[in-house]
Amino acid sequence: MAEIELHGTWPSPYSYRVLWALKLKGIPYEYVEEDLSNKSPLLLQYNPVHKKIPVLVHGGKPICESMIILEYLDETWPQNPLLPSDPYERAVVRFWVKFIEDKGPSAWVVFRTSGEEQEKAVKDSLEMLKTIEEHALGEKKYFGGDKIGMVDIACSGIAHWLQVIEEVVGIKILEPHKFPRLHAWTKTFKEAPIIKDNLPNQDEMLVFFKQAREKLLASA
Amino acid sequence: MAEIKLLGLWASPYDRRVLWALKLKGIPYEYVEEDLSNKSPLLLQYNPVHQKIPVLVHGGKPICESVIILEYLDETWPENPLLPSDPYERAVARFWVKFIEDKCSSAWLVFRTSGEEQEKAVKDSLEMLKTIEEHALGEKKYFGGDKIGMVDIACGAIVHWLEVIEEVVGIKILEPHKFPRLHAWTKNFEEAPIIKDNLPDRDQMLVYFKQAREKSLASA
């Protein structure tokens, strides 16, 4: 079996997506923590276009972009599938993955900004959550049905990172009474086997993101 | 065989991608032209989240987002595949499809804006083309190798439409001497069987987008 390396950073949600997929499928790997303020020659070689993590390296060949890595893992290690087998159901999953990829960053804009720009980002984040609440989840336990699937992993930022952002900026976005289904899902997701043993510590995240926000606003 | 409908707009590059894929695979379909200034109840029902075209409807079930439709077509009609069979090569193709999807918005901004905002959009578009020129194409005839693949289709729609936009705004972006590989590829792609018989009429596109730009600037 060719060696697998995951190049990531703590506490990047994109890193964790790949980590969970590897663990859910029982795929052995070596983790390499990257320093994004001082990017390694290896990272620049493996991801010359974006110079970002995560990068999965399999037998020396790099794959970039977290959701593309997840599709690769699902095709190469079909056990505990992250995508359904039916092509139509797969298209629905990919639709929601694309939705969260396109709209999810508004929560990070809330984190990075203040004033009018932040207000708009809060509005965009609320719209994103509303769409997911109304159209994506239904009455299922997970987006994937009875088991965690690709959309659950893609939406994990909502389950675990959003709370930290909310606390750092002092704005509540995912209010339980406004988003009852999503709220229930965040609890279920974080209590799932493997996920619960592999979540970044929220107290440590608070310290990290508070410092990061201070730096950002100071240099704005 | 369940009925296939494509809800689209003739001048949209996203629509064109799906049309090419259907024709390359020899899949019979019914085309329904949508009026985006007066969206049909059917479109709103089939794409409640984005209310956009294209939408592919197969046996009454809608699939939205052009690249997701392409993946669905490839999985359901495997003849004349758009993606390679090797998982690593598929990951590379998906990487470039995502890159084009994420970056082509700068080309839309060139079309919709003027002044400083347009200058920045031109700069971003040039960077996008530079990355594709330097990293994506290599010495191959098509991104897909000897045959047209998903990256060709994704990129081809944008590039063909960009040629019209350049003329509408009066700014040359894809200059042959700056982007020799991309320029050669554009010629190969637009002369390929099926593609060349299914390109939107250039004069009609010019009229359409000139009017659209005027409206866009008037309401800015």
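In table form, for the structure just shown:
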quantity: Residues (open to solvent by 10 Å² or more (accessible area, probe 1.4 Å) and closer than 12 Å to B:GLU163 by Cβ) located in region B:177-192; calculated: B:HIS183, B:LYS187, B:GLU190
quantity: Subset of region A:47-65 (residues that are at the interface with chain B (Cβ under 10 Å from one of its Cβ atoms) and of a type in the set (Gly, Ala, Ser)); calculated: A:GLY59
quantity: Single residue of A:TYR31, A:TYR16 found to be assigned to a strand (DSSP E or B) and open to solvent by 20 Å² or more (accessible area, probe 1.4 Å); calculated: A:TYR31
quantity: Residue that is nearest to the chain's Cα centre (by Cα), among those in region B:72-87 that are open to solvent by less than 40 Å² (accessible area, probe 1.4 Å) and free of Cβ contacts under 8 Å to residues at least 24 places away in the same chain; calculated: B:TYR72
quantity: Matching entry among A:VAL110, A:VAL93, A:VAL122 (being farther than 23 Å from A:GLY170 by Cα and in contact (Cβ under 8 Å) with a residue 40 or more places away in the chain); calculated: A:VAL93
quantity: Output for region A:108-130, where each listed residue is in contact with a Phe, Trp or Tyr (Cβ under 8 Å, 6 or more places away or on another chain) and surrounded by fewer than 16 Cβ atoms within 10 Å (Cβ to Cβ); calculated: A:LYS130
quantity: Verdict on B:LEU44 being within 14 Å of another protein chain (Cβ to nearest Cβ) and touching a Gly at 6+ places or on another chain (Cβ under 8 Å); calculated: no
quantity: Only listed residue being of a type outside the set (Ser, Thr, Tyr) and in a helix (DSSP H, G or I), chosen from A:LEU82, A:LEU36, A:LEU73; calculated: A:LEU73
quantity: Positions within region B:144-171 being outside any helix (DSSP H, G or I) and open to solvent by less than 20 Å² (accessible area, probe 1.4 Å), in sequence order; calculated: B:GLY145, B:GLY149
quantity: The lone exception for B:LYS23 - which of (1) among the charged types (D, E, K, R); (2) within 14 Å of chain A (Cβ to nearest Cβ); (3) surrounded by 14 or more Cβ atoms within 10 Å (Cβ to Cβ) it fails; calculated: (2)
quantity: Which numbered condition A:LYS39 misses (of (1) buried (at least 16 other Cβ atoms within 10 Å of the Cβ); (2) more than 14 Å from chain B (Cβ to nearest Cβ)); calculated: (1)
quantity: Tally of residues being within 14 Å of chain A (Cβ to nearest Cβ) and among the charged types (D, E, K, R) across region B:72-126; calculated: 10
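Each row is one residue, and each column tells you yes or no for (1) within 14 Å of chain B (Cβ to nearest Cβ); (2) of a type in the set (Val, Ile, Thr).
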residue: A:ILE132; (1), (2): yes, yes
residue: A:LYS140; (1), (2): no, no
residue: A:VAL151; (1), (2): yes, yes
residue: A:SER156; (1), (2): no, no
residue: A:HIS160; (1), (2): no, no
residue: A:VAL164; (1), (2): no, yes
residue: A:VAL169; (1), (2): no, yes
residue: A:LYS172; (1), (2): no, no
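The values are calculated or read from the model by the stated rules, or taken from the named source; none is laboratory data. Remember, it's a predicted structure, so these values are computed and weren't measured experimentally. Here Cβ is always computed from backbone atoms with ideal geometry, including for glycine, and neighbour counts include all displayed protein chains. Only protein heavy atoms, including side chains, enter the accessible area calculation; ligands, DNA and RNA are left aside. Shrake-Rupley method; radii C 1.70, N 1.55, O 1.52, S 1.80 Å.
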